[in-house]
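Every number here is computed from the coordinates shown, using simple stated rules; none is lab data. Not measured: the values here are computed from a predicted model. Note that each Cβ is placed from the backbone with ideal geometry, even for glycine, and that neighbours are counted across all protein chains shown.
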Amino acid sequence: MTSGPGTLLDGVDLLLADLDGVVYAGDAAIPFAVDSINDAATRMRVGYITNNASRTAASVAEHLSGLGLTVAPEDVVTSPQAAARLLADLVPAGSRILVVGGEGLTAEVTRAGFVVTTSADDDPAAVIQGFHPSVGWTQLAEAAFALHTGIPWVATNTDWTIPVARGIAPGNGTLVSAVHTAVGRLPVVAGKPEVPIFTEAMIRFGGTRALFLGDRLDTDILGANRAGIESALVLTGIDRAKQVVAADATMRPTYILDDLRQLHEPYPDVSEQLEASGNRTVTVGDSVVRLTGSTVEIVAEGARSIDLLRAGTTAIWNSGRAIYGLDVPPALYS
């Protein structure tokens, strides 16, 4: 984890935000998210990236506007948009595509100039699959029937779960897995953690230094790392302190935030003292964590649990040791 003077937004000219778990959960805004993003928007370009394939960019923009953000459809990059771009490289223009998903996916496939079908009997040139609550066995079976012919298969994303107002629900990854079990192969994936959706965003918004806000290590942070973009994990969605402490090197965020108010606070320096023995002591604010051998010790909890977590993750991550080989006190991640 890196640090520097000032806030996370110093020097950033493009702020990219995931939606579910970062801006909203279900229909409701996550506390402090709207005001924090509106504040950032006075100083830089703001764009939104979502793996959600069930809605159009226009409907997402309408939802965000209703929460108090100033958003136009072109400010929203969806996984169906990235998937449609992938399709253009796999099949001829104007091909017939079997679509498994909702309006958000169908609209983008149509906008890209393809012909939409829902039946394998129509001899589709490819299958494209995205999440929608209405997707069931009938649609998944049609995809399987078509894919047995060997045609290309594009998935908008493979998120195992999605945060909704009532809790955590199965995501598109579970539906893709059902088809995978039936056909014995995997799709090309457009959404996070794959790079195409980030490429789509950078092409559309430009910018020389981007910061991506996400709530999931396995999609948001992994994807940003693969795309070479700095990231901030905000602990308001799927992944919390326990998952952050155990994150492997591919899924470690540049920054860790309790909520989006901390975008506008000075990000504390991380001070690390390394002894010849390999023991290390990490200080963030008034939180101090020491790693001695395989034991992680909280020397001082400090006033803010987020600083304790930042200190602990630095000590653990920089040790180069797997989390299962360390004795980590529950107070660090509970």
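Where does each of E297, E142 land when they are ranked from fewest to most other beta-carbon atoms within 10 angstrom? Don't jump to the answer; show the numbers that get you there.
Working: E297 15, E142 22.
Least to most surrounded, the residues fall as E297, E142.
Using +1 at the C-beta of Lys and Arg and -1 at the C-beta of Asp and Glu, which of S271, A41, S319 has the Cα lying farthest in the positive direction of the dipole of the chain? Checked the options; the winner is S319. For the chain, the 222 nm mean residue ellipticity estimated from helices alone, with every DSSP H stretch of n ≥ 4 adding -39500 (n - 2.57) and the total spread over all residues, rounds to -8500 deg cm²/dmol. For the stretch 80-187, count all C-alpha to C-alpha pairs, find those more than 20 Å apart, and express that count as a whole percent of the total. Tail of P(r) above 20 Å: 32 percent of Cα pairs.
Divide, for the stretch 204-254, the radius of gyration over alpha carbons by 2.2 N^0.38 Å, where N is the residue count.
Working: Rg = 10.9 Å, N = 51, 2.2 N^0.38 = 9.8 Å.
The reported ratio for this selection is 1.11.
Once the gyration tensor of the Cα atoms in the stretch 179-334 is diagonalised, the equivalent ellipsoid follows with semi-axes of 31, 20, 14 Å, ordered largest first.
Label the stretch 270-332 by shape, choosing from rounded, prolate and oblate, from the square roots a ≥ b ≥ c of the eigenvalues of the Cα gyration tensor; if a/c is under 1.5 it is rounded, and otherwise prolate applies when a/b is larger than b/c, oblate when it is not. Let's see the in-between values first.
Details: a/c = 1.89, a/b = 1.32, b/c = 1.43.
Oblate shape, in that a/c is at least 1.5 and b/c is the bigger or equal ratio.
Once the convex hull of the C-alpha atoms of the chain is built, how many Å³ does it hold per residue, rounded to a whole number?
Working: hull volume 45.9 nm³, N = 334.
It is 138 Å³ per residue.
Per-residue 3J(HN,Hα) values for the stretch 182-190, derived from phi via the Karplus relation 6.51 cos²θ - 1.76 cosθ + 1.60 with θ = phi - 60°, read 6, 10, x, 8, 10, x, 7, 10, 9 Hz in sequence order (x marks Gly and Pro).
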